[in-house]
Amino acid sequence: MTTNPRKKPEELRSHRWYGVKDLRSFGHRSRTAQMGYHRSDYAGKPVIAIINTWSDINPCHSHFKQRVEEVKRGIWQAGGFPVEMPAISLSEPFQKPTTMLYRNLLAMECEELLRSYPADGCVLMGGCDKTTPALVMGAISMDLPTIFMPAGPMLRGDYRGEYLGSGSDTWKYWAELRAGNITEDDWQDVENGIARSPGHCMTMGTASTMTSAVEVLGLTLPGASSIPAPDSRHAQMATLTGKRIVDMVWEDIKPSDILTTQSFDNAVTACLGLGGSTNSIVHLIAMARRAGVALDLKRFDALARQTPVIANLRPSGKYLMEDFFYAGGLRAFLTQLGELIDFSQKTINGQTLGQNVEGAKVFNDDVIRPRSKPLVESDGLAVLTGNLAPGGAVIKPAAMEAHLRKHKGPAVVFKDYNDMNARIDAPDLAVTKDSVIVLQSAGPQGAPGMPEWGQLPIPQKLLKEGVRDMLRISDARMSGTSYGACVLHVTPESHVGGPFALVRDGDIIELDVEARSINMLVPAEEIARRQAAWQAPQPKFTRGFGVMYLKHIQQADTGCDFDFLETEKKAAAGEEPEIH
Ligand code: FES
């Protein structure tokens, strides 16, 4: 990799705050002295912003209070000046209606923190689902030297000697409780044991998918995303990250030097090979568009057709992230994908992706399978289109019962989430295992925020009959830890008058995963009649951030970014105001 010529101290961005002799810089220096720093602590050194998404209400990041000290240690050692900048923590288990409502807010916050303060480079500390894409989106737009420090997965859950996986086993045992197969006491034991250490969800859910994707993009140090959060090697990685970012500032290695069409193809391929979350589609498209890379649903589908799922991880497979780490982690996994990955791509340590995986070995080939023995031959994800979703929809064939891949059945329609909750378990609900459950008003505008409601519940009376999977369709997303025959991200969403708003009880819906199609078998004249009668619902917010959100949020097929943020990075950097 050709590195840029080393910067001189007076070329640092922070020089405008600290290095010049004027009234403003007097204020900056005197106020830095107020915090107990001597001029020799920072003069002529790169200022490294550590964007930390620690919060008392984010269990996935509870170790960040300590980890940030380890990042700082590395920065000091390498001759930088660390400045911790807390940012909104999008805590998946707590934030309502959904963290997705706030992904772009964190992206904006990250970008504006970096723009408005004397940052020469940054370390992004995230991991819980939306924090990863949000921080990276903001940093791409600002385009300063950047390293992502992943939170790392929590340890395996434990339930009476069995391993529990975040999310996946919650849904599983919740269904068993509703079916009357386990007791409240059993359920309590699941609650106590499923999340027993700091770190993000340890299935191949959205968190693990996105941190892995960011490593493949080249924005972390090699191996960073697979290390369990409580492992001492995670602390070491934090320090190494702090050391590296200082050199990156002198070398002026920025996201725009790393991110290419090929690196995004690599990230998509890795997500597919991991059996990763459907959410990665929305996030990677948004990240790519920030980087000026034209990634779209068609590209996901094309890569899915050629990529086997070789990571045997829940929810598609058997194991958990701790097992993945012991089996060799992401570096070993990438070696197994062979020519499906472009190893010539650059990464933030100055090496290529290929150099970073050199010598990596698989220590358990049931966890990380060879391509000759995949978990699923291809189609980790599939993109569907048809008269129900002209702009596209997605499904995860690897995590559904195979007989549903080609299915036709009558719709049972719920007009919104409250309607579904009120009626789904009603004994007189006209539903059979062949029905297709439809949830409307769950998209970016409709819910709002496109929550993870897409693993629609199976009606209780069917659960009692032993049904564990059936075709379900919504314009929502689905937790990466979920599974089942769930068609998601229907675009355009029902709230904006897409054809999905026009489905009625009893309409026959046809899914054909092989043909990549999703249709309602309703005559075109009838669809047109319903369309003419459709009335736009009231907006869900009348004040605050929500109003801005509703005005600018885009649909799922283009990544749900705000229209005004989706500028090319160079244009964004050019908009940096003069700093006085
Ligand atoms: Fe934070 Fe799952 S709840 S990653």
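Data table
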{"item": "Only listed residue being out of contact with any Lys or Arg (no Cβ under 8 Å at 6 or more places or on another chain) and over 30 Å from residue 450 (Cα atoms), chosen from 410, 390, 370", "result": "370"}
{"item": "Of all residues making up segment 285-294, the number that are part of a loop (DSSP other than H, G, I, E, B) and open to solvent by 10 Å² or more (accessible area, probe 1.4 Å)", "result": "3"}
{"item": "In segment 144-165, residue farthest from residue 92 (Cα to Cα) [restricted to those that are open to solvent by 10 Å² or more (accessible area, probe 1.4 Å), of a type outside the set (A, V, I, L, M, F, W, C) and touching a residue at least 60 places away in the same chain (Cβ under 8 Å)]", "result": "163"}
{"item": "Of the criteria (1) touching a Leu at 6+ places or on another chain (Cβ under 8 Å); (2) closer than 15 Å to residue 140 by Cα; (3) of a type outside the set (Asp, Glu), which one residue 220 fails", "result": "(1)"}
{"item": "Scope segment 24-53; condition more than 17 Å from residue 85 (Cα to Cα), open to solvent by less than 50 Å² (accessible area, probe 1.4 Å) and in a helix (DSSP H, G or I); matching residues", "result": "25, 27, 29, 30, 41"}
{"item": "Conditions (1) over 30 Å from residue 418 (Cα atoms); (2) open to solvent by 50 Å² or more (accessible area, probe 1.4 Å); (3) touching a residue at least 60 places away in the same chain (Cβ under 8 Å); (4) touching a Pro at 6+ places or on another chain (Cβ under 8 Å); number of the one not met by residue 97", "result": "(1)"}
{"item": "Filtered residues of segment 302-358 (kept if of a type in the set (Gly, Ala, Ser), in a helix (DSSP H, G or I) and surrounded by fewer than 19 Cβ atoms within 10 Å (Cβ to Cβ))", "result": "302, 338, 354"}
{"item": "All positions within segment 220-268 that are farther than 22 Å from residue 75 by Cα, crowded, with 23+ Cβ neighbours inside 10 Å and β-branched (Val, Ile, Thr)", "result": "268"}
{"item": "Identity of the residue in segment 412-457, open to solvent by 40 Å² or more (accessible area, probe 1.4 Å) and among the aromatic types (Phe, Trp, Tyr), that ends up modelled with the highest pLDDT", "result": "417"}
{"item": "Of residues in segment 144-178 being part of a loop (DSSP other than H, G, I, E, B) and small (Gly, Ala, Ser), the one farthest from the ligand (Cβ to nearest atom)", "result": "161"}
{"item": "Residue in segment 110-132 that is surrounded by 20 or more Cβ atoms within 10 Å (Cβ to Cβ), of a type in the set (Ser, Thr, Tyr) and not in a loop (DSSP other than H, G, I, E, B) present", "result": "yes"}
{"item": "Pairs with Cβ under 7 Å, 6+ apart, first in segment 176-197 and among the small types (Gly, Ala, Ser), second open to solvent by 80 Å² or more (accessible area, probe 1.4 Å)", "result": "179/464"}
{"item": "1 or more residues away from the ligand (no atom under 16 Å from the Cβ) and among the basic types (Lys, Arg): qualifying strands (runs of 3 or more DSSP E) within segment 432-514", "result": "472-474"}
{"item": "Number of the condition not met by residue 82 [criteria: (1) assigned to a strand (DSSP E or B); (2) within 16 Å of the ligand (Cβ to nearest atom)]", "result": "(2)"}
{"item": "Among (1) in contact with an Asp or Glu (Cβ under 8 Å, 6 or more places away or on another chain); (2) part of a helix (DSSP H, G or I); (3) surrounded by fewer than 24 Cβ atoms within 10 Å (Cβ to Cβ); (4) touching a residue at least 12 places away in the same chain (Cβ under 8 Å), the one test that residue 141 misses", "result": "(3)"}
{"item": "Any hit, segment 165-185, residues being in contact with a Pro (Cβ under 6 Å, 6 or more places away or on another chain) and among the hydroxyl-bearing types (Ser, Thr, Tyr)", "result": "yes"}
{"item": "Candidate set: segment 179-209, residues that are in contact with a strand residue (DSSP E or B) (Cβ under 9 Å, 6 or more places away or on another chain), in a loop (DSSP other than H, G, I, E, B) and β-branched (Val, Ile, Thr); chosen: the one nearest to the ligand (Cβ to nearest atom)", "result": "203"}
{"item": "Hey, residue 275 more than 14 Å from the ligand (Cβ to nearest atom) and assigned to a loop (DSSP other than H, G, I, E, B) or not", "result": "yes"}
{"item": "Residue tally, condition open to solvent by 20 Å² or more (accessible area, probe 1.4 Å) and touching a strand residue (DSSP E or B) at 6+ places or on another chain (Cβ under 9 Å), over segment 373-382", "result": "5"}
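The values are calculated or read from the model by the stated rules, or taken from the named source; none is laboratory data. Everything numeric here is computed off the predicted structure, so don't read it as measured data. Every residue, glycine among them, receives a Cβ derived from its backbone with ideal geometry; neighbour counts consider all protein chains shown. For the accessible areas, the whole protein counts, side chains as well, though only heavy atoms, and no ligand, DNA or RNA atoms are used. Shrake-Rupley method; radii C 1.70, N 1.55, O 1.52, S 1.80 Å.
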